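Engineer: Sending over a structure as structure tokens; questions will come in a sec.
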2 protein chains.
Amino acid sequence: MGKKGTSKRSHKRDPSLFFDPRSIAVIGSLREGLFGGYVVIKSLLSAGYRGEIYPINPSNGVVHGLRVYPSIKEVEADIDLALIMINARAVPQVLGECAEKSIKAVVLVSDGFAERDQEGARLQNEIVAFARERGIRIIGPNTAGIVNTSNGLNPCPYEAGYYKLKAGSVAICSQTGMSNPQAFPYPDLGLGVSKICDFGNKCDLDECDMLEYLEKDPATQVISMYLESIRDGRRFLEICKRVSAQKPILILKSGRTEEGAKASESHTGAMAVDDKIFEAACSQGGVLRLREFNALFELPKIFAMQPLPRGNRLGIISYTGGVGVLATDEGTRYGLAVTRLSRKTSEILNGIFPGLGVMPVDIGPMAPVVKDFLSLYPKILKSVMADENVDALFNVLWADSTGMHTESYIKAYEEVKGDTQKPLVTWVYGPDKGLVRDIAERLEYLGFPVFSDPETAIKAMGLAFRYTRIREGK
Amino acid sequence: MGKKGTSKRSHKRDPSLFFDPRSIAVIGSLREGLFGGYVVIKSLLSAGYRGEIYPINPSNGVVHGLRVYPSIKEVEADIDLALIMINARAVPQVLGECAEKSIKAVVLVSDGFAERDQEGARLQNEIVAFARERGIRIIGPNTAGIVNTSNGLNPCPYEAGYYKLKAGSVAICSQTGMSNPQAFPYPDLGLGVSKICDFGNKCDLDECDMLEYLEKDPATQVISMYLESIRDGRRFLEICKRVSAQKPILILKSGRTEEGAKASESHTGAMAVDDKIFEAACSQGGVLRLREFNALFELPKIFAMQPLPRGNRLGIISYTGGVGVLATDEGTRYGLAVTRLSRKTSEILNGIFPGLGVMPVDIGPMAPVVKDFLSLYPKILKSVMADENVDALFNVLWADSTGMHTESYIKAYEEVKGDTQKPLVTWVYGPDKGLVRDIAERLEYLGFPVFSDPETAIKAMGLAFRYTRIREGK
């Protein structure tokens with residue numbers, strides 16, 4: 001038992017103790033620094049966690065105003081969650097104390113297990129067997145931990161320089177610490193996060209457990225995952241089918257190549273899965289597959305911020321024909337088809353400027369020569385969005401060097417906002433990074449996602465359309 | 001003649017008059033504003049163009065301290081280049097005056113030609129026929145123009161908010177104005193630019209002419225191109241074969257899909273080319289094909305800043321195993337293979353921290369627990385770079401929230417700089433965008449390209465390796 005690391009059905013799977021603990025024991029070094037228990041407690045307090053925090057360290061004393069206990073055995077109250085960051089060899093003993101204290105959830109930050117060597121793998125098997133026997137669930141080992149934005153649970157073991165994340169509907173799970181707060185500038189993201197989980201070596205709690213948990217988590221509407229391996233292919237497929245009918249699941253899986261799979265096995269100690277099998281599972285399970293690391297953080301925005309497209313008829317407004325062609329190419333890959341404007345819209349646009357009323361709508365020729373172009377801009381955007389032939393819109397904004405475009409763009413989006421049940425994705429470009437960023441931030445504040453390049457904007461819309469089809473059972 | 005727009009061999013092809021004119025006539029509105037002749041002249045003067053500038057407008061008067069002539073006929077001196085930004089219908093007459101004045105190079109910014117309608121297409125054919133007859137070369141129409149950073153030639157027709165571009169070895173040519181200064185924050189790019197050219201409708205001067213010109217241009221070492229169509233497939237292939245043996249050619253071609261090709265024909269009036277034929281031409285011609293718009297500006301950095309890899313053995317240093325796996329996957333796509341460390345390097349690294357001496361080198365476990373980690377960092381980088389089994393290195397840097405890593409990273413790169421003839425690509429990540437940017441800018445200042453995501457860094461190295469093979473004739 002435990003050797004293959006597969007969990008039994010009888011084992012309680014629900015990870016809610018991890019994300020809604022009333023009390024946390026933080027076991028490890030409490031020395032002031034940039035890593036360890038000191039940072040975990042600082043982060044929890046700063047993020048507004050309201051539960052009890054028990055610092056555990058033989059040093060006794062006080063840290064961040066909290067009494068330090070020499071061991072969890074000394075804590076009289078119940079403890080829901082233990083976060084362990086001690087030398088790997090000391091883990092079995094502390095896990096024993098956790099069992100005595102009836103702790104059922106452990107985040108095992110410590111490394112030096114299956115990812116390190118044979119001895120570490122043996123140690124990992126030992127703790128898994130023990131935990132299973134005593135009904136303890138483990139996230140990790142070799143994990144950067146978890147976050148729950150709805151209760152200030154951000155026990156980040158590394159100093160991230162910030163503690164509160166914007167709360168929102170995107171859950172980000174990952175088989176690497178690269179998605180935790182110390183690695184990523186979450187405050188600069190347009191999207192809000194519900195949960196973060198780094199599975200680490202995934203010795204117990206895995207992607208299937210998290211999917212089942214997130215399925216029922218009311219804060220989560222979109223799931224974005226980085227995986228290197230799948231623990232149980234059959235269960236994974238079954239769960240994906242069920243969950244994807246309600247919430248979009250986006251997965252980046254590395255180890256796509258034989259070489260990558262080998263590299264994965266060596267660093268997590270987990271068996272990688274043949275990519276063809278995974279691809280088939282994604283397709284049957286309604287999973288949207290990602291291809292780039294940054295996509296984990298960027299593509300969920302479309303689901304978090306916009307309605308789904310009802311069909312595949314893509315409208316494009318742009319300042320140059322070139323982007324229209326790029327968007328057409330890219331859209332085709334995802335089953336999007338550039339639409340034709342209805343006669344009505346075409347007439348409205350041609351009335352604004354001769355030749356404007358064709359798709360892709362190219363405002364390039366008009367912009368430099370029509371004096372009141374900016375005051376007309378909202379009408380152009382509204383007309384195209386309202387067109388009965390348009391299911392989804394890709395809008396390209398040029399931020400000129402003076403910043404004079406900004407207010408007209410914002411006004412146009414404000415006017416469109418209440419109006420429509422169609423998705424709108426945007427790319428902003430221009431000669432001044434600051435102005436580009438300013439427009440992007442203001443649009444995202446209004447609820448309209450802005451993407452970092454034209455291909456990603458179209459890809460987002462393409463995934464949204466695919467998900468429409470998945471929801472329809474197609 | 002002229003109908004198909006194919007130029008004759010007898011026609012003088014050399015575009016050097018465009019990029020090294022001793023004098024320029026700027027023909028069009030000179031009204032103060034954000035578009036037009038007023039901006040062109042301001043931009044030329046601010047960029048440091050030293051040739052003569054003749055503003056041409058019936059208004060007479062003075063603009064930016066320069067006398068305005070009512071027509072080019074009134075200018076007594078010779079004019080090398082005319083930049084025309086007037087109503088399309090008035091173009092034939094002005095082109096006639098250019099011919100009388102023996103002007104041989106015209107940048108035709110005006111739109112309303114083949115990209116607009118049948119009437120515009122007819123007009124375009126008319127001017128092409130006339131120009132050919134009189135030995136005039138045209139860039140455009142419907143172009144945002146050209147740039148030459150070596151002589152301050154930046155006649156940008158749109159107010160870009162900046163005028164000088166960093167001079168360097170990358171030529172960017174494009175069948176859209178999206179690559180001109182008003183569209184892109186060139187001052188924020190790590191790379192320096194030699195020439196920019198927007199072909200516009202490509203009625204005369206085309207990709208082949210530019211490739212031949214750039215082949216001989218000593219300032220240009222890398223060519224990055226966005227194309228929607230190829231004018232003459234056979235000539236293109238022949239020229240690419242010759243030029244790619246000396247300078248890398250990177251091409252993004254849109255109109256990859258049938259739908260995209262149609263969109264392209266409608267906005268440029270040019271015939272698109274079957275993508276399979278283009279793909280074959282790229283492969284035979286030694287062209288490196290790009291897939292994303294931003295790649296036009298980002299991927300040339302590897303060629304502009306780093307030596308070519310001698311082989312495909314890729315080293316990786318990273319803070320997490322996850323990135324190692326992603327990089328392994330991505331590298332495999334480009335024929336890169338993650339290498340094994342030599343015994344010597346392995347021993348050095350294991351001496352620094354147990355288990356560090358395996359590839360991918362994962363400094364994650366060491367960083368939080370080894371006190372003098374930062375002082376050891378340069379030794380780690382140097383040892384891996386010096387390893388006889390490493391042809392190329394992908395280095396991942398974590399910028400922690402305090403900024404304390406920065407100086408050690410910079411020091412390490414400074415030490416490696418003089419040492420090696422191997423290429424090094426970098427990705428920086430962390431919780432603070434400002435610190436990440438700071439490290440990236442300082443590394444690029446040292447000559448080490450930093451890429452926006454791990455996949456792009458590996459792709460850059462992959463293209464460099466492909467180009468090594470192209471140079472070897474493989």
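The values are calculated or read from the model by the stated rules, or taken from the named source; none is laboratory data. All values derive from a computational prediction rather than experimental measurement. Cβ: placed from backbone, ideal geometry, glycine included. Neighbour counts: every protein chain shown.
Engineer: Scan segment B:411-425 and give yes if some residue there is part of a helix (DSSP H, G or I), surrounded by fewer than 17 Cβ atoms within 10 Å (Cβ to Cβ) and without any contact (Cβ under 8 Å) to a residue 24 or more places away in the chain, otherwise no. Steps first, please.
Structural biologist: Within segment B:411-425, the first condition is being part of a helix (DSSP H, G or I), and the residues that meet it are B:411-417.
Now narrow it down to the ones that are surrounded by fewer than 17 Cβ atoms within 10 Å (Cβ to Cβ): B:411, B:414-415, B:417.
Subset that is without any contact (Cβ under 8 Å) to a residue 24 or more places away in the chain: none.
No; the residues of segment B:411-425 include none that is part of a helix (DSSP H, G or I), surrounded by fewer than 17 Cβ atoms within 10 Å (Cβ to Cβ) and without any contact (Cβ under 8 Å) to a residue 24 or more places away in the chain.
Engineer: Name every residue in segment B:321-341 that is surrounded by fewer than 16 Cβ atoms within 10 Å (Cβ to Cβ) and more than 8 Å from every other protein chain (Cβ to nearest Cβ), in order of residue number.
Structural biologist: B:G335, B:R340
Engineer: Something else: Does segment A:413-433 contain at least one residue that is among the basic types (K, R) and out of contact with any Leu (no Cβ under 8 Å at 6 or more places or on another chain)?
Structural biologist: yes
Engineer: Which of the residues belonging to segment A:443-459 are within 14 Å of another protein chain (Cβ to nearest Cβ) and either in a helix (DSSP H, G or I) or touching a Gly at 6+ places or on another chain (Cβ under 7 Å) (or both)?
Structural biologist: If the condition is that a residue be within 14 Å of another protein chain (Cβ to nearest Cβ) and either in a helix (DSSP H, G or I) or touching a Gly at 6+ places or on another chain (Cβ under 7 Å) (or both), then A:P454, A:E455, A:T456, A:A457, A:I458, A:K459 are the ones that fit.
Engineer: Mind checking which residues of segment B:18-40 are under 16 Å from A:A367 (Cβ atoms) and either away from chain A (no Cβ under 13 Å) or β-branched (V, I, T) (or both)?
Structural biologist: The answer is B:V39, and nothing else.
Engineer: Mind checking which residues of segment A:186-212 are more than 29 Å from A:D232 (Cα to Cα) and either surrounded by 21 or more Cβ atoms within 10 Å (Cβ to Cβ) or touching a His at 6+ places or on another chain (Cβ under 9 Å) (or both)? It would help to see each step written out before you state the result.
Structural biologist: Here is the first cut: in segment A:186-212, the residues more than 29 Å from A:D232 (Cα to Cα) are A:186-192.
Within segment A:186-212, A:Y186, A:G190, A:L191 qualify.
Engineer: Does B:A295 satisfy the criteria of being surrounded by fewer than 23 Cβ atoms within 10 Å (Cβ to Cβ), modelled with pLDDT of 95 or more and within 11 Å of chain A (Cβ to nearest Cβ)?
Structural biologist: Considered against the rule, which asks whether it is surrounded by fewer than 23 Cβ atoms within 10 Å (Cβ to Cβ), modelled with pLDDT of 95 or more and within 11 Å of chain A (Cβ to nearest Cβ), B:A295 comes out as yes.
Engineer: Report yes if A:T332 is in a helix (DSSP H, G or I) and touching a residue at least 24 places away in the same chain (Cβ under 8 Å), otherwise no.
Structural biologist: No; evaluated as a whole, the condition is false for this residue.
Engineer: Do you know which residues across segment B:166-178 are modelled with pLDDT of 95 or more, in contact with a Gly (Cβ under 9 Å, 6 or more places away or on another chain) and either buried (at least 24 other Cβ atoms within 10 Å of the Cβ) or at the interface with chain A (Cβ under 8 Å from one of its Cβ atoms) (or both)?
Structural biologist: B:V170, B:S174, listed by residue number.
Engineer: Suppose we keep only residues that are touching a residue at least 12 places away in the same chain (Cβ under 8 Å) and of a type in the set (G, A, S) within segment A:426-441. Which one would you say is farthest from B:P181 (Cα to Cα)?
Structural biologist: A:A440
Engineer: Separate question: Considering only segment A:368-384, I want to know if a residue exists there that is among the acidic types (D, E), more than 11 Å from chain B (Cβ to nearest Cβ) and within 24 Å of A:K344 (Cβ to Cβ).
Structural biologist: The answer is yes, given that some residue of segment A:368-384 is among the acidic types (D, E), more than 11 Å from chain B (Cβ to nearest Cβ) and within 24 Å of A:K344 (Cβ to Cβ).
Engineer: For segment A:430-442, how many residues are surrounded by 21 or more Cβ atoms within 10 Å (Cβ to Cβ) and not in a loop (DSSP other than H, G, I, E, B)?
Structural biologist: 3
Engineer: A follow-up question, please. Return only the number of the condition from (1) assigned by TED's automatic domain parsing to the domain that holds B:D198; (2) assigned to a loop (DSSP other than H, G, I, E, B) that B:L341 does not satisfy.
Structural biologist: Checking B:L341 against (1) assigned by TED's automatic domain parsing to the domain that holds B:D198; (2) assigned to a loop (DSSP other than H, G, I, E, B), the one that fails is (1).
Engineer: Here's another thing I want to ask about it. Might you let me know whether segment B:49-57 holds any residue that is modelled with pLDDT under 95, farther than 21 Å from B:N151 by Cβ and out of contact with any helix residue (DSSP H, G or I) (no Cβ under 6 Å at 6 or more places or on another chain)?
Structural biologist: No: zero hits.
Engineer: Ok, one more. Please work out if A:R291 is among the basic types (K, R) and outside the structural domain of A:S452 (by TED's automatic domain parsing).
Structural biologist: Judged against the criteria, A:R291 is a match.
Rundown of residues vs (1) within 21 Å of B:E159 (Cβ to Cβ); (2) at pLDDT 95 or above, yes/no style:
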residue	(1), (2)
A:Y413	no, yes
A:G418	no, no
A:K422	no, yes
A:V425	no, yes
A:L435	yes, yes
A:I439	yes, yes
A:P454	no, yes
A:L463	no, yes
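Engineer: Here's another thing I want to ask about it. Consider A:V26 carefully, then state whether it is out of contact with any Ser or Thr (no Cβ under 6 Å at 6 or more places or on another chain), part of a helix (DSSP H, G or I) and crowded, with 22+ Cβ neighbours inside 10 Å.
Structural biologist: no
Engineer: I've got another one for you. If you take the residues of segment B:179-205 that are under 19 Å from B:F303 (Cβ atoms) and touching a Cys at 6+ places or on another chain (Cβ under 9 Å), which of them is nearest to the other protein chains (Cβ to nearest Cβ)?
Structural biologist: B:S179
Engineer: Just give me the residues in segment A:353-367 being more than 12 Å from chain B (Cβ to nearest Cβ) and either in a strand (DSSP E or B) or farther than 21 Å from A:D400 by Cα (or both), in sequence order.
Structural biologist: A:G357 - this is the single residue of segment A:353-367 that is more than 12 Å from chain B (Cβ to nearest Cβ) and either in a strand (DSSP E or B) or farther than 21 Å from A:D400 by Cα (or both).
Engineer: Kindly list, by first and then second residue, each pair from a residue in segment A:351-378 that is assigned by TED's automatic domain parsing to the domain that holds A:D329 and crowded, with 18+ Cβ neighbours inside 10 Å to a residue that is among the charged types (D, E, K, R) and part of a loop (DSSP other than H, G, I, E, B), limited to pairs with Cβ atoms under 7 Å and residues at least 6 apart or on different chains.
Structural biologist: From segment A:351-378, the pairs are A:M359/A:R340; A:P365/B:D111.
Engineer: State which residue pairs qualify: first residue modelled with pLDDT of 95 or more and inside segment A:72-86, second residue part of a loop (DSSP other than H, G, I, E, B) and aliphatic (A, V, I, L, M) in any location, beta carbons under 7 Å apart, and separation of 6 or more residues or different chains.
Structural biologist: What qualifies is A:I72/A:I79; A:I79/A:I103; A:A82/A:I103; A:L83/A:V109; A:I84/A:V109; A:M85/A:V109.
Engineer: Out of A:R310, A:R256, A:R289, report the one residue that is facing chain B (nearest Cβ under 8 Å) and of a type in the set (D, E, K, R).
Structural biologist: Values: A:R310 fails: facing chain B (nearest Cβ under 8 Å); A:R289 fails: facing chain B (nearest Cβ under 8 Å).
Selected residue: A:R256, the only one of A:R310, A:R256, A:R289 that is facing chain B (nearest Cβ under 8 Å) and of a type in the set (D, E, K, R).
Engineer: Out of segment B:78-112, which residues are of a type in the set (D, E) and either away from chain A (no Cβ under 14 Å) or in contact with a His (Cβ under 6 Å, 6 or more places away or on another chain) (or both)?
Structural biologist: Residues satisfying the conditions are B:D78, B:D80, B:E97, B:E100.
Engineer: Can you confirm whether B:A304 is in contact with a Phe, Trp or Tyr (Cβ under 7 Å, 6 or more places away or on another chain) and outside any strand (DSSP E or B)?
Structural biologist: Taking the combined requirement at face value, the residue does not satisfy it.
Engineer: Kindly list the number of the only condition in (1) in contact with an Asp or Glu (Cβ under 9 Å, 6 or more places away or on another chain); (2) surrounded by fewer than 24 Cβ atoms within 10 Å (Cβ to Cβ); (3) free of Cβ contacts under 8 Å to residues at least 24 places away in the same chain that fails for B:E347.
Structural biologist: The single condition B:E347 does not satisfy is (1).
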